[in-house]
Amino acid sequence: MINKLRKLNNDLLNYYNIDSEEYHKQLQIKNMLIDDGCFYKIKIETAYSILRDLGIQESDIKSLYKQLIRPRI
C-alpha cells in the first residue's frame, strides 16, 4: 500500500510546478514516505491530512489508514 502512495506522490510531484506551494507540500510528503513505517510514527490527524493531500477520497481515508497501521506478520 505504501508503494501506491509513493506512486501517487511521485505523479503529483510531476504534475505541480516546481515553484508552487503544492509541489513543496508533496516534496515533504515524499520525504516522509521514504520510511515504510511512517504512519506508525505520526498523529492520526497528520496521516489523514497526508492522505487528503495525495488525493485519497474522504470516504476511503479511514479504511486506508487502518490498512497502513495494521500490524505486519
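Considering only Y40, I50, Y15, and ranking their Cα positions along the charge dipole of the chain that arises from unit charges at the beta-carbon of Lys, Arg, Asp and Glu, the one farthest toward the positive end is Y40. What the chain shows is 71 Å² of accessible area per residue, with the surface traced by a 1.4 Å probe over protein heavy atoms.
Per-residue ellipticity at 222 nm computed for the chain from its helices equals -21500 deg cm²/dmol, with DSSP H segments shorter than 4 residues left out and the rest contributing -39,500 (n - 2.57).
Using C-alpha pairs below 8 Å separated by at least 6 residues, the relative contact order for the chain is 33 percent.
Placing a label point 7 Å from the Cα of N3 along the Cα-to-Cβ direction, the residues of segment 48-69 whose backbone N falls under 17 Å from that point are 68.
Counting only protein heavy atoms and using a 1.4 Å probe, what share of the accessible area of the chain belongs to carbon plus sulfur, as a whole percent?
52 percent
Rg then Dmax, both in Å and based on the Cα atoms of the chain: 12.0, 42.
Rounded to the nearest whole Hz, the Karplus-based 3J(HN,Hα) values (6.51 cos²θ - 1.76 cosθ + 1.60, θ = phi - 60°) of segment 2-14 follow the sequence 4, 5, 5, 5, 4, 5, 4, 4, 4, 4, 5, 4, 6, with x at glycine and proline. Once the Cβ-Cβ distance of R70 and L13 is raised to the sixth power relative to R0 = 22 Å, the FRET efficiency obtained is 0.25.
The values are calculated or read from the model by the stated rules, or taken from the named source; none is laboratory data. Since the model is a prediction, treat every value here as computed from it, not as a measurement. All Cβ positions, glycine included, derive from the backbone under ideal geometry; neighbour counts span all protein chains shown. Accessible surface areas use protein heavy atoms only, side chains included; no ligands, DNA or RNA. Shrake-Rupley method; radii C 1.70, N 1.55, O 1.52, S 1.80 Å.
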